[in-house]
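Below is one structure, written out as structure tokens; comments come after it.
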Amino acid sequence: MKYLVMIQGTQADYEAMGGKPSAHSPAWSEQDLQAMFAFMGAVNADLVESGELVDGQGLTEPARARTVSAGPDGRPLITDGPYGETKEVLAGYWVLDCESLERVTEIAARVASCPAPEGAAQYPVVIRPLQDADGGPA
């Protein structure tokens, strides 16, 4: 079965990774960043080796996002980020093909233990099963 495994973050988290601290998150050092990249690289390598990785990507900061919705007249309303009303946004994801919910939960638990500097915000890792075109499990 295929699952979407998602990690979350905020604009302040991205800024902290760029060295700008806030009340929300301390500044990340180059050593902190390298530890995170090495950890995620090892997770990805293990998922490739096990054959469970379908796709995975980190996303750019929310400030580079764009939202498109239908306006009252049916014309598109386009808004560039960041969004003050938004707390957490999708920061990255994996599409995994795992034999069970228990297995994908093990992977999510590993992802949740990614190293970060003391005081950095911690977010849950979200697992969502994917549907096929008929609405059943993918």
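Computed from the coordinates by the stated procedures, all read-outs in this text should not be read as laboratory data. Since the model is a prediction, treat every value here as computed from it, not as a measurement. Positions of Cβ are backbone-derived with ideal geometry, glycine not excepted, and every protein chain shown enters the neighbour counts.
Compactness of the range 7-69, taken as the C-alpha radius of gyration over 2.2 N^0.38 Å, stands at 1.36.
Each of 87, 2, 20 was scored by other Cβ atoms within 10 Å of its Cβ. Listed from fewest to most, they are 87, 20, 2. When peptides 121-131, 9-19, 68-78 are sorted by average Cβ neighbour count within 10 Å, with the highest value leading, the order is 9-19, 121-131, 68-78. Taking the helices alone, the chain has a mean residue ellipticity at 222 nm of -9000 deg cm²/dmol, built from -39,500 (n - 2.57) per DSSP H run of at least 4 residues and averaged over all its residues.
Placing a label point 7 Å from the Cα of residue 39 along the Cα-to-Cβ direction, the residues of the range 115-138 whose backbone N falls under 12 Å from that point are 115-123.
Within the set [x] 1.05; [y] 1.02; [z] 0.93, the number that Rg/Rh (Cα atoms, Kirkwood Rh) takes when calculated for this structure is listed as [y]. Sorting 90-101, 24-35 by their mean Cβ neighbour count within 10 Å, with the most densely packed peptide first, gives 90-101, 24-35. Given the options 49, 88, 61, state which has the largest fluctuation in a GNM of the chain using a 10 Å cut-off (strictly under) for Cα springs. Looking only at 49, 88, 61, the largest GNM fluctuation is found for 49.
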